[in-house]
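Participant: One structure, as structure tokens, below. Some questions next.
All of the numbers you see were taken from the coordinates with simple rules; none came from a lab. Keep in mind the model is a prediction, meaning the values are calculated, not measured. Cβ atoms come from the backbone with ideal geometry, glycine included; neighbour counts cover every protein chain shown.
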Amino acid sequence: MIEIEGLSKTYGDTPAVDGLSFTVRPGVVTGFLGPNGAGKSTTMRIVLGLDHPTSGRVRIDGQPYERLTDPLRHVGALLDAKAVHGGRSAFHHLLCLAQSNGVPRSRVHEVLDLVGLGSVARKRSKGFSLGMSQRLGIAAAMLGDPSILMFDEPVNGLDPEGIHWIRNLMRDLAGQGRTVFVSSHLMSEMALTADHLVVIGQGRLLADTSMSDFITQHSRSYVRLRSPEYQRLSDVLAAGGITAVPGSDGSFEVDDGDPVRLGQLMADHRLVLHELSRQQASLEEAFMRLTAGAVEYHAHPAGADEPAPAAAWGADWRPRKES
Amino acid sequence: MTTPYQQPQSAPVPPQTPPQAPPMPPQSAHPQQMPPQAQMPQPKMPQPTPPPPGANPSQPYAAVGAYTSPIPVRRTHFGDALASEWTKIKSVRSTIWTLSVMVALVVGIGLLVSATTSDKDYVTAPPTLPGFVGTLLGQLCLVTLGVLVISSEYGTGMIRTTFTACPQRARVLTAKALVFFTLSFVTTTAALALVAFASTGMHSGPDVMEPSGKQWLGATVGAALYMSLLGLLSLAVGSMLRHSAGAIATMLGVVLLPSILPPFLMMSDGLFDLGETMQKYSSPQSLASLFQVSDDLGNGMAQLGLVAGVTGAALIAAYSLLEKRDV
């Protein structure tokens, strides 16, 4: 279990993490979601004792990380797959980690086989592809057979088979009763893996909820209607007292519509339909709506309706306070 | 309610209403990771996976027993950190290269000097002297290795993995310092002893000076200690600067400037004493003193003491910075 209480981290004047509190429980996959720059990696680094928080505290199974004498037996983490010395072989990389935590040497071979790197164990990791590096990172995380696992964007750069493998691995690990904490900026990925969601934006907690609650709360369901007789469809819907919004591709969308009733209505008017389907707004859209106010780096599409804020460059300049 | 992003069978959340027909249009199904065409050539991966045992989707916080590892747990100690650092230092090429070059320089130049000198060169100087020339170049190899032992971890990001595995950062630095120092000291002593033995064997005429015990000690253990301490100082500097090139450049300055500056300092009357002291403690003269090349140079203990003191201070600074800074 990971308990995070009132965690803040400030770099200069910029808060990276701002009063974050939540608990990551065992037995489920907890997704840690936020746009780029939301403070996910910073939070994970603080949990691992790599960065010192400005305030707040983190408990791993009740203790601060720095107190753990054999941390790999408690927490396995994959923060950055490339954080290995490229000149060292996969075997020696894992061996030096195992030795520092009193993990038996035989376990190194076990985890290498587990991640499928057994055949390249003696190769220097410099030549590894990103996928192989990710697997090596996961081998390192699994080395101490820990009860808590943390993965920072584990599917980045993986091929479909690798993504599938990681997804199943995480679910299996949670199924064994371990705490699995995985960050991502892709809601779609989390929808497939996570049972619980922690959403942050600009270092602040936006949601701490179960996946099913998030889906019920944040997804919009509607019925899509499409007909070759566009105008008549519009009239019939209006006459039936049904509020319909024109869709982007010549269809109509009826929020929370009842397909049975709508189908009956169309049949009564003998209107030819090419589509009558129940739709669900994507979780990705729900996630983007939730974090819209908290995205640090916005892209502005060319020709977008809303121009970027018209403040001149440097308008917000203030002399730095002398300290 | 299934969503376009969920595969019904592997969805973590159960359908809260009966499955609906028609099925969802697949066009928006997580295009980021799983483009349909990319899935095609992998028929061996069955897409819908059964939920794993224990992950009861209808109860996200189902009472699953906390995981306990079958591997026996024992408290780790400093010996584990030493074993880890020993594996690290011997499994990278930079160690092999720098130490081989150092040994090649010390032994090669030493034997060459010994072979090209005659017995009458060793009437006033001990025959253990030939090792001296090699140490001047060999010390730079230990400086490089000392820096790389720690700064390569910062350069590659390995340091984050290291400190995750061992959050007692002081333990890591101590283990690194001890392993590096022992390895350099043993290798250098062996190389210098080889040169000293070979040279005294090659020059053993009646006029040749018989090296005293102190001269033996200075030419082997003393010089090796001096060089290894310089390496240890480099390790401390590498830990503070966290950058290989920066730390090596700094150490080259520390080693070379005291032997380059004194002639310029001595030009001015006011700085003459400073120049003289600097020259006395410069690395070539320190090593020459340790080899006891001539009587007026002393036995090199003052120089050894200075480099030990500076190294100690640098290590203390490195320890305090290590605990304070983010990785």
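Participant: Which condition number in (1) within 12 Å of the chain's Cα centre (by Cα); (2) at the interface with chain A (Cβ under 9 Å from one of its Cβ atoms); (3) basic (Lys, Arg) is the one that B:LYS176 fails?
Facilitator: It is condition (2) that B:LYS176 fails.
Participant: Further, regarding this structure: Quick one: which of B:GLY312, B:GLY300, B:GLY305 is under 20 Å from B:GLY222 (Cα atoms), in contact with a Ser or Thr (Cβ under 6 Å, 6 or more places away or on another chain) and small (Gly, Ala, Ser)?
Facilitator: B:GLY300
Participant: I'm told A:ILE138 meets every condition in (1) within 12 Å of another protein chain (Cβ to nearest Cβ); (2) touching a residue at least 12 places away in the same chain (Cβ under 8 Å) except one. Can you identify the failing condition by its number?
Facilitator: Of the numbered conditions (1) within 12 Å of another protein chain (Cβ to nearest Cβ); (2) touching a residue at least 12 places away in the same chain (Cβ under 8 Å), the odd one out for A:ILE138 is (1).
Participant: Among the helices (runs of 4 or more DSSP H) confined wholly to the stretch A:68-181, which include 2 or more residues that are charged (D, E, K, R)?
Facilitator: The qualifying helices (runs of 4 or more DSSP H) are A:106-114, A:160-175.
Participant: Pick out the one residue from B:ALA219, B:ALA165, B:ALA170 that is surrounded by fewer than 17 Cβ atoms within 10 Å (Cβ to Cβ) and of a type in the set (A, V, I, L, M, F, W, C).
Facilitator: Numbers: B:ALA219 fails: surrounded by fewer than 17 Cβ atoms within 10 Å (Cβ to Cβ); B:ALA165 fails: surrounded by fewer than 17 Cβ atoms within 10 Å (Cβ to Cβ).
It is B:ALA170.
Participant: Here's another thing I want to ask about it. Scan the stretch A:168-184 residue by residue and report those that are more than 7 Å from chain B (Cβ to nearest Cβ) and buried (at least 21 other Cβ atoms within 10 Å of the Cβ).
Facilitator: Of everything in the stretch A:168-184, those that are more than 7 Å from chain B (Cβ to nearest Cβ) and buried (at least 21 other Cβ atoms within 10 Å of the Cβ) turn out to be A:MET170, A:LEU173, A:THR179, A:VAL180, A:PHE181, A:VAL182, A:SER183, A:SER184.
Participant: Does the stretch A:30-40 contain any residue that is assigned to a strand (DSSP E or B), among the aliphatic types (A, V, I, L, M), farther than 22 Å from A:LEU117 by Cα and touching a His at 6+ places or on another chain (Cβ under 8 Å)?
Facilitator: Among the residues of the stretch A:30-40, at least one is assigned to a strand (DSSP E or B), among the aliphatic types (A, V, I, L, M), farther than 22 Å from A:LEU117 by Cα and touching a His at 6+ places or on another chain (Cβ under 8 Å), which makes the answer yes.
Participant: Here's a follow-up. Does A:GLY157 fit the bill of being over 22 Å from A:MET1 (Cβ atoms), in contact with a Pro (Cβ under 7 Å, 6 or more places away or on another chain) and either touching a residue at least 60 places away in the same chain (Cβ under 8 Å) or more than 9 Å from chain B (Cβ to nearest Cβ) (or both)?
Facilitator: no
Participant: Tell me, which residue of the stretch A:67-82 that is in contact (Cβ under 8 Å) with a residue 24 or more places away in the chain and within 7 Å of another protein chain (Cβ to nearest Cβ) is nearest to the chain's Cα centre (by Cα)?
Facilitator: A:LEU79
Participant: Exactly one condition in (1) more than 12 Å from the chain's Cα centre (by Cα); (2) in contact (Cβ under 8 Å) with a residue 40 or more places away in the chain; (3) closer than 20 Å to B:LEU178 by Cα is false for B:ASP80; which is it?
Facilitator: Going through (1) more than 12 Å from the chain's Cα centre (by Cα); (2) in contact (Cβ under 8 Å) with a residue 40 or more places away in the chain; (3) closer than 20 Å to B:LEU178 by Cα one by one, B:ASP80 breaks only (2).
Participant: May I pose another question? Consider B:LEU137 carefully, then state whether it is within 15 Å of B:VAL92 (Cα to Cα) and touching a helix residue (DSSP H, G or I) at 6+ places or on another chain (Cβ under 6 Å).
Facilitator: Spelling it out, it is not the case that B:LEU137 is within 15 Å of B:VAL92 (Cα to Cα) and touching a helix residue (DSSP H, G or I) at 6+ places or on another chain (Cβ under 6 Å).
Participant: Please state which of the following conditions A:ASP18 fails to meet, knowing it meets all the rest: (1) surrounded by fewer than 23 Cβ atoms within 10 Å (Cβ to Cβ); (2) closer than 26 Å to B:LEU322 by Cβ.
Facilitator: (2)
Participant: Quick one: A:LEU237 ticks every box in (1) more than 13 Å from every other protein chain (Cβ to nearest Cβ); (2) closer than 23 Å to A:SER282 by Cα; (3) aliphatic (A, V, I, L, M); (4) part of a helix (DSSP H, G or I) bar one, so which box is it?
Facilitator: Exception for A:LEU237: condition (2).
Participant: Counting just the residues of the stretch B:140-169 that are out of contact with any helix residue (DSSP H, G or I) (no Cβ under 7 Å at 6 or more places or on another chain) and at the interface with chain A (Cβ under 10 Å from one of its Cβ atoms), which one comes out nearest to A:LEU68 (Cα to Cα)?
Facilitator: So the residue we want is B:GLN168.
Participant: Which one of these does A:MET187 not meet: (1) buried (at least 24 other Cβ atoms within 10 Å of the Cβ); (2) in contact with a strand residue (DSSP E or B) (Cβ under 9 Å, 6 or more places away or on another chain); (3) within 25 Å of A:LEU50 (Cα to Cα)?
Facilitator: Here A:MET187 meets the rest and fails (3).
Participant: Continuing with this model, one more query. Please return the ranges of strands (runs of 3 or more DSSP E) entirely within the stretch A:187-228 where 3 or more residues are over 15 Å from the mean Cα position of the chain (by Cα).
Facilitator: Passing ranges, in order: A:221-226.
Participant: Before we move on, is A:ASP145 touching a strand residue (DSSP E or B) at 6+ places or on another chain (Cβ under 9 Å) and closer than 24 Å to A:PRO104 by Cβ?
Facilitator: Criteria met by A:ASP145.
Participant: For B:THR128, indicate whether it is touching a residue at least 24 places away in the same chain (Cβ under 8 Å), of a type in the set (Val, Ile, Thr) and within 14 Å of chain A (Cβ to nearest Cβ).
Facilitator: So B:THR128 does not fit the description; no.
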